[in-house]
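Notes follow once the structure below has been shown.
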Amino acid sequence: MNIFGGAIGMDGGDKAGLREDIELAPGERWYLAHTLPHKETSVEQRLGAQGFSHFMPRRIKTVRHARRMRNVLAPVFPRYIFVALDLDRDRWRSVNGTIGIASLFMAQDRPLPVPHGVVETLIQSSDDRGQLRFEYNLQLGQKVRLISGPFSEALGLLERLDDSGRIEVLLEIMGGHVRAKLRREQVEPIE
């Protein structure tokens, strides 16, 4: 079962609330499974059908194909998914046998648990769709990178912030400067 209690898709309602309510059962730990290329979504469905709790953090990514662009929820860690298991209770070898999974990360003959707090922090930083939501402390004049939209990966300077979550960025494109009005979550600061 997906920890968010349902299907995840881009067309769902806007559920921007961050997750605070994940708790593993006694004896359970998070483990990392390596999937086959582009099989993360089908692996989620198969693990859910087997009754395993799982989590795959996502981010908005702009995909360009055949002169068209679209925003999709893509895995933050392509080819990886987290699975909650109690090695003494669960039939964890069936995870390795799940179609689309290459293997669990192992140490000798047993799965290796993810350190405490790593997956929990990712879950708490995610909304109901599994999309990671990081709040950056943006400052005027700061260099930023666009992470979605037609100019994704473009660099610019932050020119204006407002309380409603909108920003204005001065982009350097083809030797000129273009002003773009964006949502705060469409940019990330550059060190």
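The values are calculated or read from the model by the stated rules, or taken from the named source; none is laboratory data. Keep in mind that what you see is a predicted model, and the values were worked out from it rather than measured. Glycine also receives a Cβ, built like all others from the backbone with ideal geometry; neighbour counts cover every protein chain displayed. Side chains are part of the model used for accessible areas, which takes the heavy atoms of the whole protein and leaves out ligands, DNA and RNA. Shrake-Rupley method; radii C 1.70, N 1.55, O 1.52, S 1.80 Å.
Taking Asp90, is it modelled with pLDDT of 90 or more and crowded, with 17+ Cβ neighbours inside 10 Å? Yes: the conditions hold for Asp90.
In a residue-by-residue description of the range 60-73, the property of being under 23 Å from Arg184 (Cα atoms), at pLDDT 90 or above and open to solvent by 60 Å² or more (accessible area, probe 1.4 Å) applies to no position. Taken together, the residues in the range 57-103 that are touching a strand residue (DSSP E or B) at 6+ places or on another chain (Cβ under 7 Å) and of a type in the set (Lys, Arg) amount to 5. Does Val119 satisfy being at pLDDT 90 or above and part of a helix (DSSP H, G or I)? When the stated conditions are applied, Val119 passes them. Per the conditions (1) open to solvent by 20 Å² or more (accessible area, probe 1.4 Å); (2) among the charged types (D, E, K, R); (3) modelled with pLDDT under 95, the sole criterion not satisfied by Arg46 is (3). Asp128 fulfils the conditions (1) within 24 Å of the chain's Cα centre (by Cα); (2) at pLDDT 85 or above; (3) under 30 Å from Pro26 (Cβ atoms) except for a single criterion, (2).
In contact with a Gly (Cβ under 8 Å, 6 or more places away or on another chain), open to solvent by 30 Å² or more (accessible area, probe 1.4 Å) and not polar (S, T, N, Q) - does that describe any residue in the range 102-117?
No.
Consider the range 148-163 and keep the residues that are open to solvent by less than 50 Å² (accessible area, probe 1.4 Å) and closer than 25 Å to Pro57 by Cβ. The one that is farthest from the chain's Cα centre (by Cα) is Ala154.
Could you list, ordered by first residue, the pairs with Cβ atoms under 9 Å in which the first is in the range 170-186 and within 20 Å of Asn71 (Cβ to Cβ) and the second is charged (D, E, K, R) and open to solvent by less than 60 Å² (accessible area, probe 1.4 Å), at least 6 apart or interchain? Between residues of the range 170-186 that are within 20 Å of Asn71 (Cβ to Cβ) and residues that are charged (D, E, K, R) and open to solvent by less than 60 Å² (accessible area, probe 1.4 Å), the close pairs are Ala180/Glu168; Lys181/Glu168; Leu182/Glu168; Glu185/Arg133.
Which residue is farthest from Ala102 (Cα to Cα), if the candidates are limited to the range 49-59 and must be open to solvent by 30 Å² or more (accessible area, probe 1.4 Å) and out of contact with any helix residue (DSSP H, G or I) (no Cβ under 7 Å at 6 or more places or on another chain)? The qualifying residue farthest from Ala102 (Cα to Cα) is Arg59.
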